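What follows is a single structure, written as structure tokens, with notes after it.
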Amino acid sequence: MSEQRYLIALGSNVRHHRHGRPEQVLGAALIALAEAGLAIEHASAIIRSAPLGPSRRRYANTAATIRTALDPDAVLSALQWIEHAFGRHRRGQRWSARVLDLDIVLWSGGPWSGPGLTIPHLEYRERAFVLGPASRIAPGWRDPITGLTSRHLAARLTRPRHAPR
């Protein structure tokens, strides 16, 4: 496979015994991505966001674009290995507190569906904590389903809505 680009969302809301606060965890995770052979092109500034679901801890979030010759399933395996190395041992617990969460949002190959992985990420269009950082580093990247750019999706999500007249 030739080199592909991926948009990865990173989140943390639990302190790590070695890396420190969630913002520091994200910095260490970016280094871990590069050490795993996933070449980082761009990384957004870290933002803070309110948790979804029952967790009460605020999240630190960022996004990164990476380059690699790996297919989506292999990239997912690499991301899960990094999560495990940071102390995440159980996936599937929706909205729980976590040291590190890494998600493939988009890739340059278009839509992808396999066991345990769907690209584009099924819920990213409704998540300002993903679209905000993504629109800063990949504003023209198009969602292969809607055809809208990440900048346009972010604007749709964050602009004020007016009541119908």
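Rule-based calculations on the coordinates, nothing more; no lab input. Owing to the predicted nature of the structure, the values given are computational and were not obtained by experimental measurement. Every residue, glycine among them, receives a Cβ derived from its backbone with ideal geometry; neighbour counts consider all protein chains shown.
Rounded, prolate or oblate: pick one for the stretch 41-86, where a ≥ b ≥ c are the square roots of the eigenvalues of its C-alpha gyration tensor, a/c under 1.5 means rounded, and failing that, prolate if a/b is larger than b/c, else oblate.
It comes out oblate by the Cα gyration axes.
Once phi is turned into θ = phi - 60°, what whole-Hz ³J(HN,Hα) does the Karplus curve with 6.51, -1.76 and 1.60 give for every residue of the stretch 3-8, x standing for Gly and Pro?
Per-residue couplings from phi come out as 4, 10, 10, 10, 9, 10 Hz.
Taking all pairs of distinct Cα atoms, average 1/r, flip it, and tell me the Kirkwood hydrodynamic radius of the chain in Å to one decimal place.
16.2 Å
Can you compute the charge dipole magnitude of the chain about its Cα centre, using +1 on each Lys and Arg Cβ and -1 on each Asp and Glu Cβ, nothing else charged? Give it in debye, rounded to the nearest 20. Write down the numbers at each step before the final one.
Numbers: 23 positive and 12 negative charges, 199 e Å.
Roughly 960 debye, rounded to the nearest 20.
5 Å is the cut-off here: which amide hydrogens, built 1.01 Å from N in the peptide plane, fall below it relative to Trp141, excluding neighbours closer than 5 in sequence?
Ser150, Arg151
Given contacts defined as C-alpha pairs under 8 Å and at least six residues apart, what's the relative contact order of the chain, whole-number percent?
Across the chain, relative contact order equals 27 percent.
Can you figure out the FRET efficiency of Ala128 with Ser108, using R₀ = 30 Å and their beta-carbon distance, to the nearest 0.05? The partial results should precede the final answer.
Values: r = 24 Å, r/R0 = 0.79.
That gives a FRET efficiency of 0.80.
Residue separation times 0.36 nm, minus the C-alpha to C-alpha distance between Leu52 and Thr118: what's the value?
Taking 0.36 nm per residue and subtracting the Cα distance, the gain is 21.7 nm.
In nm, give the distance between the simple-model label positions of Ile40 and Arg67, each being 7 Å from the Cα along the Cα-to-Cβ direction.
Inter-label distance under the simple model: 1.6 nm.
Need one number: nm distance between label points at Arg156 and Arg5, each 7 Å from Cα along Cα→Cβ, rounded to one decimal.
The answer from the label model is 2.1 nm.
Which of the listed residues, Ala74, Ile47, Gly37, is farthest toward the dipole's positive end in the stretch 31-77, when Lys, Arg count +1 and Asp, Glu count -1 at the beta-carbon?
My answer, from the dipole projection, is Ile47.
Along the charge dipole of the chain, pointing to its positive end and built from +1/-1 on Cβ of Lys, Arg, Asp and Glu, which listed residue (Ala9, Ala128, Ser150) has its Cα farthest out?
Of the options given, the answer is Ala128.
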